[in-house]
Amino acid sequence: MTILVTGGAGFIGSNFIFYMLEKHPDYRIVCLDKLTYAGNLSTLAPVMDKPNFRFVKADICDREAVNRLFQEERPDMVVNFAAESHVDRSIDDPGVFLQTNIIGTATLMDACRKFGVQRFHQVSTDEVYGDLPLDRPDLFFTEQTPIHTSSPYSSSKAAADLLVLAYYRTYGLPVTVSRCSNNYGPYHFPEKLIPLMIANALNDKPLPVYGEGLNVRDWLYVEDHCKAIDLVLHRGRVGQVYNIGGHNEMRNIDIVKMICKVLGKPESLIVYVTDRKGHDLRYAIDPTKIHDELGWLPETKFSDGIQKTIQWYLEHRDWWETIISGEYQNYYEKMYGNR
Ligand code: NAD
Ligand code: DAU
């Protein structure tokens with residue numbers, strides 16, 4: 001079995017590669033990644049020398065490079081993590097989101113049609129459903145919830161989902177789609193809420209909370225997401241969408257305060273800054289379908305997962321300090337300088 005993993009030098013993709021190489025030592029994993037600002041080859045160092053692992057630097061939008069790789073590797077399955085993934089960047093400059101997230105997905109699927117695969121799996125997001133009101137805790141996203149996006153990022157992911165389902169109906173491409181809630185864990189790029197707050201707190205820098213910090217996200221430890229994708233690949237029904245999430249809703253402000261507490265830092269570091277444009281209020285996944293069909297349930301409690309995550313950032317300062325010492329400084333100044 002050869003699995004092509006795109007975007008495997010990023011946060012979830014790298015965790016997925018580690019998980020799959022451990023769980024299925026007889027599989028060959030080929031990682032295709034453009035190494036954008038979010039991709040980090042050093043993350044994959046522990047597996048680089050494995051005989052059943054190959055890394056290829058390429059853009060999923062580059063039809064020639066993609067076809068060449070398919071010709072060489074003839075993957076049985078493709079798992080598409082490659083994407084521009086940060087909402088704030090999409091608000092600042094949508095173009096690359098449309099290119100990578102939509103055109104890139106279509107380019108990969110065209111190669112799948114040309115060479116034939118057992119499965120094309122699209123890693124999507126709960127953000128395609130838009131948001132839920134804060135005062136209706138009884139409401140959740142199911143797979144039937146209409147697509148209703150807010151940001152250029154979520155719109156580009158929704159467009160990709162529709163294309164994936166269209167390739168299934170029109171061409172019979174054997175696809176699956178998973179829509180997951182917010183992940184956290186090791187190798188999370190420090191532009192996202194949890195790693196940004198950990199890194200800033202450790203450096204005694206201000207902790208910028210958007211608006212009043214009351215927005216709610218449904219957090220899932222990254223390894224639980226990887227396990228769910230593995231199940232969908234092997235046992236999921238072709239043409240189906242599976243929601244992934246673990247009923248773990250938290251307000252942003254409570255997460256930031258929890259990080260301060262664990263690190264022994266004062267809450268006076270918290271600053272309330274101008275809200276994100278179009279800021280989604282609440283995400284909450286109903287995971288009944290993946291539980292009933294595939295037996296998936298999240299295994300890591302948030303209180304354990306956040307401890308493990310904070311510990312990882314304490315033990316891997318080199319990894320994130322290298323990131324925040326480079327181009328990230330310009331990004332940070334632009335995003336937060338006058339906020
Ligand atoms: P990330 O930004 O950490 O990593 C993205 C990876 O894709 C990077 O390694 C980057 O170099 C690569 N990439 C970007 N453009 C590329 C291109 N044109 N060609 C090849 N590679 C390219 O993202 P992440 O947080 O790991 O998210 C992975 C996937 O999961 C995305 O599709 C995202 O939409 C989805 N998702 C993320 C979350 C979350 O909480 N992070 C939740 C649900 C779904
Ligand atoms: O729900 C899944 C999505 O989760 C994925 O599809 C996206 O790729 C991923 O980035 C994530 O999107 P969010 O926008 O929810 O994540 P982010 O970490 O950017 O923000 C989480 C919440 O924290 C959100 O309400 C905005 C807020 N926030 C974020 C940052 C970076 C702050 O208050 N301050 C910050 O500095």
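For the stretch 137-164, which positions are of a type in the set (A, V, I, L, M), without any contact (Cβ under 8 Å) to a residue 40 or more places away in the chain and either out of contact with any helix residue (DSSP H, G or I) (no Cβ under 8 Å at 6 or more places or on another chain) or surrounded by 19 or more Cβ atoms within 10 Å (Cβ to Cβ) (or both)? Correct list: A158, L162. Among the residues examined, M20 qualifies as surrounded by 20 or more Cβ atoms within 10 Å (Cβ to Cβ) and either touching a helix residue (DSSP H, G or I) at 6+ places or on another chain (Cβ under 9 Å) or within 17 Å of H121 (Cα to Cα) (or both).
Scanning the stretch 152-184 for residues that are in a helix (DSSP H, G or I), under 27 Å from T43 (Cβ atoms) and among the hydroxyl-bearing types (S, T, Y) returns Y153, S154, S156.
A Cβ distance below 6 Å, combined with a sequence gap of six or more or placement on separate chains, defines the contacts here; from the stretch 72-86, residues that are in a helix (DSSP H, G or I) reach residues that are of a type in the set (A, V, I, L, M, F, W, C) and crowded, with 20+ Cβ neighbours inside 10 Å in the pairs E73/V30.
Going by the conditions given, is N252 within 12 Å of ligand 2 (Cβ to nearest atom), closer than 28 Å to N80 by Cβ and either touching a residue at least 12 places away in the same chain (Cβ under 8 Å) or surrounded by fewer than 21 Cβ atoms within 10 Å (Cβ to Cβ) (or both)? Spelling it out, it is not the case that N252 is within 12 Å of ligand 2 (Cβ to nearest atom), closer than 28 Å to N80 by Cβ and either touching a residue at least 12 places away in the same chain (Cβ under 8 Å) or surrounded by fewer than 21 Cβ atoms within 10 Å (Cβ to Cβ) (or both). Considering the stretch 232-287, the qualifying strands (runs of 3 or more DSSP E), each wholly inside and each with 2 or more residues that are away from ligand 1 (no atom under 16 Å from the Cβ), run over 270-273. When residues in the stretch 185-196 are screened for being within 9 Å of ligand 2 (Cβ to nearest atom) and either touching a Ser or Thr at 6+ places or on another chain (Cβ under 6 Å) or part of a strand (DSSP E or B) (or both), 0 of them pass. Taking each residue of the stretch 19-42 that is small (G, A, S) and looking for partners that are part of a strand (DSSP E or B) with beta-carbon atoms closer than 6 Å, six or more apart or interchain, yields G39/D33.
Just name the residue that is surrounded by the most Cβ atoms within 10 Å (Cβ to Cβ) out of those in the stretch 120-136 that are within 18 Å of N243 (Cα to Cα) and away from ligand 2 (no atom under 13 Å from the Cβ). Per the stated criteria, the residue is F120. Could you tell me whether the stretch 83-101 includes any residue that is among the acidic types (D, E), within 11 Å of ligand 1 (Cβ to nearest atom) and closer than 25 Å to D218 by Cβ? Scanning the stretch 83-101, I find at least one residue that is among the acidic types (D, E), within 11 Å of ligand 1 (Cβ to nearest atom) and closer than 25 Å to D218 by Cβ, so the answer is yes.
We did not get these values from a lab; they are worked out from the coordinates using the rules stated. All figures in this text were calculated on a predicted structure; none of them were measured in a lab. Ideal geometry is used to build each Cβ from the backbone, glycine not excepted, and the neighbour counts take in all protein chains shown.
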